[in-house]
Every structure is written in C-alpha cells, then in structure tokens.
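Just below is one structure, and these are the notes that go with it.
The values are calculated or read from the model by the stated rules, or taken from the named source; none is laboratory data. The shown structure was predicted, so the numbers you read here are calculated from the model rather than taken from an experiment. No Cβ is skipped: glycine too gets one built from the backbone with ideal geometry, and neighbour counts run over all protein chains shown.
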Amino acid sequence: MLLVLGDRTAVWYFLVMTDATSVVVTGLGFCTGLGPDPWAAMSRGETAVHDSDDLKELPHKTAAVVERIDLRPWLKRRKDRKLMARPSQLALAAGGMALEQWSGATDALGLFVGVGREPGDDGESEPSLVAAQVDGRLDQEAVAGPCRDLYPPLLPLKTLPNMALAHVSIHLDIRGDNGTWCGGSAAGLMAMRAGIWSIRERRSVGALVLAADSWVSAGCVRDLLRLSKGERITSPGEAGVAVFIESLASAKQRGAKVLATVDVSSELESSRKMVHHGSLGDCKAADSLLGLALRVKQGPGREVYAAQELGQPPVAVGLSIEESMACYSAERKVLTDV
Amino acid sequence: MKRRVVITGMGMVTPLGLGVEKTWQAVCRGESGVGEVKRFDASGLPVRFAAETCEPPAHADDEGDLKLRLVLAALAEALEQSGPVPGERTGVCLGSEIGRPSLEVLSKRLTDMTPPTADEISRMDPAAPTRLVARVSGAKGPQSTVSTACTSSSQAVGEGLLRIRRGDVDVMVVGGVDVLVDAIMITGFAKLGALSERNDDPKGASRPFDSDRDGFVLGEGAGILILEDRQRALDRGAHILAELSGYGCSCNAYRITDSPPDGRGAYQSMTAALRDAGLEPEDIGYINAHGTSTPMNDPSEAKGIIRTFPNTVPVSSTKSSMGHLVAACGAVEAIVCVQAIRTEQLPPTINLERPDPVCALNHVANVAQSARIDHAMTNAFGFGGSNGSLVLSRHD
C-alpha cells in the first residue's frame, strides 16, 4: 500500500527510489475515545461520541472523550504526569505504543509532533487569576501578592505547545532530529512530512511521528461554537496518534513487519473529509495523522466504516465573554451560565 | 548535489531598535535594551524589568496586536531588501510560541463584557503570524509554524533551508516572533526561578557566562529572513547577504527545565549542523551562543561547545544586550551572525566581568572585536530540551 502526502514538486526522487530512500510504517499507536484499536471498534460500528457532562449546559453537548489514559508503561517518574497537559499525555500513550516494536537504540531516532493551539491548563491558573482581580479589574498589587503566591510555578511549562515533544523525548529517550508543528488539522501531516525527509536524508535512522490534540473541554467547545458563527459543529474529540517510520532497508534488516509505505505527493491528505469524525470526533491537530494511521490499520482493499454522527440540535451562538474565557476567569460556575 | 540557499533579505525589531542596522550598531556598541517595565505597573512584581521591544508604528493589517505588528515590521524591512517574493514557489515558516492574550487584555474583557470575535480566537493559534505573513507577502506556497519554545525560529529557519534544498519551493520567508512581557509571564517565569532578579541593576542583569549571573531577562521582538535558491537569486541579480549552509537539531531527553550537565544535546545539535554544512569545527570563526545567563544553561552549552570545537573559537551571547527573545531569538541571532560576517565585527557579551571558570570559552567580552570570518554558528536551546544550530557563511 502506498500512502501519499503533500508536495507537488518533489517528483525527482521517484527516479532514484531505493530501499534506503523508501520510507515505511512499522509501528502504530493510538490513544482515542475508542481505545488503542479504534479501527476494530469502528469496524464494529462503535462510536466514542456521546453526551458529555462537561458540556451539558452548552448548546452542543456531545464529544468523543478518552476515558482513561494509561501512562504507567512509559513514565520514568510517575509524578511527571502532573506536569503534562492532556495532549502531552495522549501523545506519550500513543508514542510508547508505536515504539514497542522497535528494539534498537532510541537516541538517534527523530521525533516530529503536530499539535494544536496552546493546551488548556485544567484550571490551575484560575485561583491566581481570581486573586488578581478586584471588582472585575486586574489589580497590580494583587498580581504581585496573592496572585503570585497562588500561581503554580511550573504552569508555563505545562501549557507550551512543544511540551508534547518534550515529554515524549524524555520518557521514551528520543534524542535526534525533531520539531513541533502547529497548523490546525494539517499539523500531523507536516510532522509526517518532516519525518519522511529526515529518514530519506539520513538525519534519523527511524522516526516517531506524533499528533495529539484535545478539544473536549467546555472552554474549547465554546470557542468552536463562536468560530462556527451559527453553523452546526462536528462533535469535538481528542486523540493521540503515533506512526513509527523507517527506511525499507532498515525494516528489512531487522525483519520488521512493514504496514505501509509513506511518501509525499501532490495532494494534501488533510483536504479530504475525515471519515472518522463520526466515531472519534473532530480531533483537530491530530486529525490528519489519525486519518492516515487508520488507513494503514485498515489495510488495502477495505473501506473505513464511518459511524453516523449523533443527532445534534441546531447550535446557538452569541455566548457571553465569561464562557469563552472560563479558563481564565473568576469562577468555575461561569461555565454553566449559558 | 544540494541546492545552495542564500539570504537576500533581513528584518528585525528588537529591544535595541527598529531595524537590522539600529540593532546591530547598538549590539556592537555594547548597549543594553533592558530597563524597567514601562508597559504596565510592575512595581509589585518580583522582577520589575524586562527587555521590552521597540514598538513600530501601527500597520493596517496588525489587528491591534503587538505580535502581528512586530512581525509585519520585520517583514517589511526584509522585503524592502530582497524585493517582492510573491507566488506559488514561495513558502512561509515561522517560529511562534503561544497565542494567548495577555492578562491585561483578559482582564479588560472581563470588565467591558465584550465577547471575543472569531478573529481574536483564531489569533490564539500560534500559526496566526504565519498566516498573516503569507497573506501580506503574497506567498502561496507551503506554510508551517514551528513551536519549540526558545528553539522555534531556529528550527523555522532550518525548515526553510531544507524545503528549498529539496526543491519544494524557491523562496522561503522564515523567522520568528514573540511578545511575552506581561505580569503573568513575569510572575510565572520568576516562580520557576528562571529570571534574573537584579532589580537594582536592570542593564547588568543579563550576563551570560559570568560568575554572578542569576537568570535570563525576558525580551520580545521579531526577526525575518528571506531565503532563496542561490541560482534563482543570481539569475535575478539579487544582492546576496550570506549563505545559509547548515542546520542541525537534537533533543536533550533530560528534563523539562534543565539542560544536561554534560552538554550532550548541544554537542549533538552543533555537530549535526557542521555535518550538514560540510564543514570542520575549525572552519567556524564565531559562535553566537544561546547564552541565556541562567546558572544551568551556560555551563551546559559551554561543555557542548568545548566538546565540539577543540579550537578556541570566539563566542558571545547577544542576549546580554537584548534579553531573551524566546521564540524569536533563533532568527534574530542568525541575522546577528550574518552581520558579523558582513561587517567583520564580532559582537560582545556585555556584563561579562568575572567569566565563570566552568564556562571556559574564548569570550568576546564587553567590547566588539574585528575579525574576518567565513562561517558563523548560532545556537538556540529551548525549554523542554529542543536544540537547534544554524551555520551562516560568507557568500563566495
């Protein structure tokens, strides 16, 4: 099976394709609302899109939530989990799974990650920001005093976009060529593209390509509703997906099972409708790589089963300022003031 | 045969001034862009100084956002030098960190109850500056945004190099931007213990490799480079400023906040860049170090440099003058390296009064040095352990 990615001009190397420059998939990892094998669940017609307690007061009430993220096999120090925003956890779970089949050293592996916008901080900054406000205004003395005292010292390092890469590199001990791409649903494909070239240009002996994103919180859904300008939104989801790639020569040498060949070509995969939205929700920055990984899992000659989107009422927009800024504002209760 | 990549335009906005020439002159004179915070009342904060950017005039497309205004000003300067670069064979790759509005903006919104617009929400995406630069420059080729903290724009420049080499595009607009000086970021980084707290001497606060260093100084700014396929630049008679000849990167895989004491990640990144450029260590005539002035970074980087360069290559950190521009530092410091090659001057590390013995490098201390060099390297190492190194070369 040949999968194609991105570029209209990179034709020349087809002429010189060898086992050393052919890039193949030998590992996959998923952390999704349908568990670690979403393809099997989708084939049974299952969906992870359900009513979410967090969204019950919003006009859109369904999301595909990952119920449990088991990081125990991968964490070097269990307490490090506290430092991880949700996309980092999703990325590590998927990355660890995809790397299980690799028995070589990890220090020369590449790591390429697609992420979305800055992840939320699970409300950890709220107490300090509440303390910084007096009569709804920022109070400089309060910022310097109670706000400062309540501000979690490691918070800036939890929510930076590159933290998924950082945590995966630390816990899986990956030290080579790397990068984190932001760019909506295409982010995962940008990461994949960088990984393919890193193998082909011999900057990495193998590469873990990851994408992770989470849009299931009330704050995220409010932003989606506002951005939709009155249109219905696809149920949001969250996922971590990982694809391990290496050269065909490397896979042959170590006797690895080749799942698919990946390459770059003229058509952007991300422009296609994502058939997994009905089962796994719209996973934003994880979406395009998730679509690619599902196609690998699907194998040749089979169609991905698309579960039906659950019925949703028409969406009303015009939410108040408190709703869209709940993660920064005074009290949790504003989440429910629709 | 690799396609060679040259630089035909550069622009920057920094705490030292608007434009490459102003910043460069100030760096070489050993000036400091660090001062007491003026944008808001920081009198009660643990750190009351920063390297606030010089603010360019408002731009019709900046949407009232300082980050967008900075990147547009840097872009305008770069395009004035290179000439227009629109078209499908031009791509954009910028380094950008967070898109979060400042605490002041959030607080104001809570007060006036104005809902954020869809545009404001979309600006929270780190890719927002990339989209704007593509639109304004007319670049219709591939767009991407790299977000690896302090390494972001170094990796964005590297991505531009690789894309042109591979033949994806002929021109890349690359660089980075960051605006982080607000109360909550200062509070957060201060609580991390990462910032200098030398409130009584802001201009002396950023002192990379000095024994008395106590943390970095938060800065902000933007840097843009126009990268171009060398043959295309020659064919159109463009003025070539320098060649971008090598790029390497690595992960520390150590800790989120700390650098490995043995400097292994820095070593791996620098050797990868040398290998990519086809150069030997002795070919490099100057290193613009990441040199943050934190107790942890500087010895780790020094170890990496010493391991990579057995010779005594001159080293300085211009963060001593302009603070730490975070996601923009890689691009801005790459431009500094180009200026060092072009003007045959090596910019100094200011405030380097008592060099730390554990950072035993050949420092360009306090005063610029004259030197004709053919190749320079710049390092950027980020929170989370991403490292990037670029090699800039005299164009023959």
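Answer yes or no as to whether B:Asp356 is over 24 Å from B:Leu16 (Cβ atoms) and surrounded by fewer than 17 Cβ atoms within 10 Å (Cβ to Cβ). In short, no. Between B:Asp170, B:Asp210, the distinction of being at pLDDT 95 or above and under 30 Å from B:Ile306 (Cα atoms) belongs to B:Asp210 only. Can we say B:Asp258 is within 26 Å of B:Ala73 (Cα to Cα) and within 14 Å of chain A (Cβ to nearest Cβ)? No: the conditions fail for B:Asp258.
Can B:Gly384 be described as more than 14 Å from chain A (Cβ to nearest Cβ) and either modelled with pLDDT under 95 or in a loop (DSSP other than H, G, I, E, B) (or both)? Spelling it out, it is not the case that B:Gly384 is more than 14 Å from chain A (Cβ to nearest Cβ) and either modelled with pLDDT under 95 or in a loop (DSSP other than H, G, I, E, B) (or both). Checking each residue in segment B:308-332 for being in a helix (DSSP H, G or I) and on the phi < 0 side of the Ramachandran plot picks out B:Thr308, B:Lys319, B:Ser320, B:Ser321, B:Met322, B:Ala327, B:Ala328, B:Cys329, B:Gly330, B:Ala331, B:Val332.
Residue-wise test of (1) touching a His at 6+ places or on another chain (Cβ under 7 Å); (2) under 21 Å from B:Leu195 (Cα atoms); (3) modelled with pLDDT of 85 or more; (4) at the interface with chain B (Cβ under 9 Å from one of its Cβ atoms).
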| position | (1), (2), (3), (4) |
| --- | --- |
| A:Leu138 | no, no, no, yes |
| A:Gly145 | no, yes, no, yes |
| A:Pro156 | no, yes, no, yes |
| A:Met163 | no, yes, yes, yes |
| A:Arg175 | no, no, yes, yes |
| A:Met192 | no, no, yes, no |
| A:Ser214 | no, no, yes, no |
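Could you tell me whether B:Ala156 is closer than 21 Å to A:Pro152 by Cα and among the small types (Gly, Ala, Ser)? For B:Ala156, the condition - closer than 21 Å to A:Pro152 by Cα and among the small types (Gly, Ala, Ser) - is not met. Taking the numbered list (1) modelled with pLDDT of 95 or more; (2) more than 13 Å from chain A (Cβ to nearest Cβ) in turn, B:Val179 passes all entries but (1). Inside segment A:207-238, can you point out the residues that are at positive phi and either touching a helix residue (DSSP H, G or I) at 6+ places or on another chain (Cβ under 9 Å) or among the hydroxyl-bearing types (Ser, Thr, Tyr) (or both)? Across segment A:207-238, the qualifying residue is only A:Lys229. Going residue by residue through segment B:240-249, is there one that turns out to be modelled with pLDDT of 95 or more, within 27 Å of B:Gly221 (Cα to Cα), in a loop (DSSP other than H, G, I, E, B) and over 16 Å from the mean Cα position of the chain (by Cα)? The answer is yes, given that some residue of segment B:240-249 is modelled with pLDDT of 95 or more, within 27 Å of B:Gly221 (Cα to Cα), in a loop (DSSP other than H, G, I, E, B) and over 16 Å from the mean Cα position of the chain (by Cα).
For the residues B:Asp258, B:Asp262, the requirement of being over 23 Å from A:Ser204 (Cβ atoms) and either of a type in the set (Phe, Trp, Tyr) or part of a loop (DSSP other than H, G, I, E, B) (or both) singles out B:Asp258. Residues that are in a loop (DSSP other than H, G, I, E, B) and either within 14 Å of chain A (Cβ to nearest Cβ) or within 29 Å of B:Glu52 (Cα to Cα) (or both) within segment B:218-239 comprise just one, B:Glu220. Of everything in segment B:272-305 that is in contact with a Gly (Cβ under 6 Å, 6 or more places away or on another chain) and of a type in the set (Ser, Thr, Tyr), the residue that is farthest from B:Val5 (Cα to Cα) is B:Thr294. Looking at B:Ile287, B:Ile335, B:Ile305, just one residue is part of a helix (DSSP H, G or I), more than 26 Å from B:Leu66 (Cα to Cα) and at pLDDT 95 or above, and that residue is B:Ile305.
Conditions (1) under 25 Å from A:Ala187 (Cα atoms); (2) modelled with pLDDT of 95 or more, marked per residue:
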| site | (1), (2) |
| --- | --- |
| A:Arg8 | yes, no |
| A:Glu57 | no, no |
| A:His60 | no, no |
| A:Val65 | yes, yes |
| A:Met84 | yes, no |
| A:Ala105 | no, no |
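Among the residues of segment B:12-36, which ones are part of a loop (DSSP other than H, G, I, E, B) and either of a type in the set (S, T, N, Q) or modelled with pLDDT under 95 (or both)?
Matches in segment B:12-36: B:Ser32 only.
Cβ-Cβ contacts under 8 Å between residues 6 or more apart (or on different chains), taken from a first residue in segment A:274-297 that is farther than 16 Å from A:Cys220 by Cα and in contact (Cβ under 8 Å) with a residue 24 or more places away in the chain to a second residue that is buried (at least 24 other Cβ atoms within 10 Å of the Cβ) and of a type in the set (Phe, Trp, Tyr), are listed as A:Leu290/A:Phe30; A:Ala293/A:Phe30. So A:Asp70 ticks every box in (1) in a strand (DSSP E or B); (2) surrounded by fewer than 18 Cβ atoms within 10 Å (Cβ to Cβ); (3) within 18 Å of the chain's Cα centre (by Cα) but one. Which box is left unticked? Condition not satisfied by A:Asp70: (1).
Is one or more of the residues making up segment B:205-224 among the hydroxyl-bearing types (Ser, Thr, Tyr), in contact with a Phe, Trp or Tyr (Cβ under 8 Å, 6 or more places away or on another chain) and farther than 23 Å from A:Leu160 by Cα? Yes, that holds for at least one residue. Would you check if there is a residue in segment B:313-320 being surrounded by 24 or more Cβ atoms within 10 Å (Cβ to Cβ), at pLDDT 95 or above and of a type in the set (Val, Ile, Thr)? Yes: one or more hits. If you go through segment B:142-164 and keep only what is more than 10 Å from chain A (Cβ to nearest Cβ), within 10 Å of B:Ala331 (Cα to Cα) and not aliphatic (A, V, I, L, M), you end up with B:Ser153, B:Ser154.
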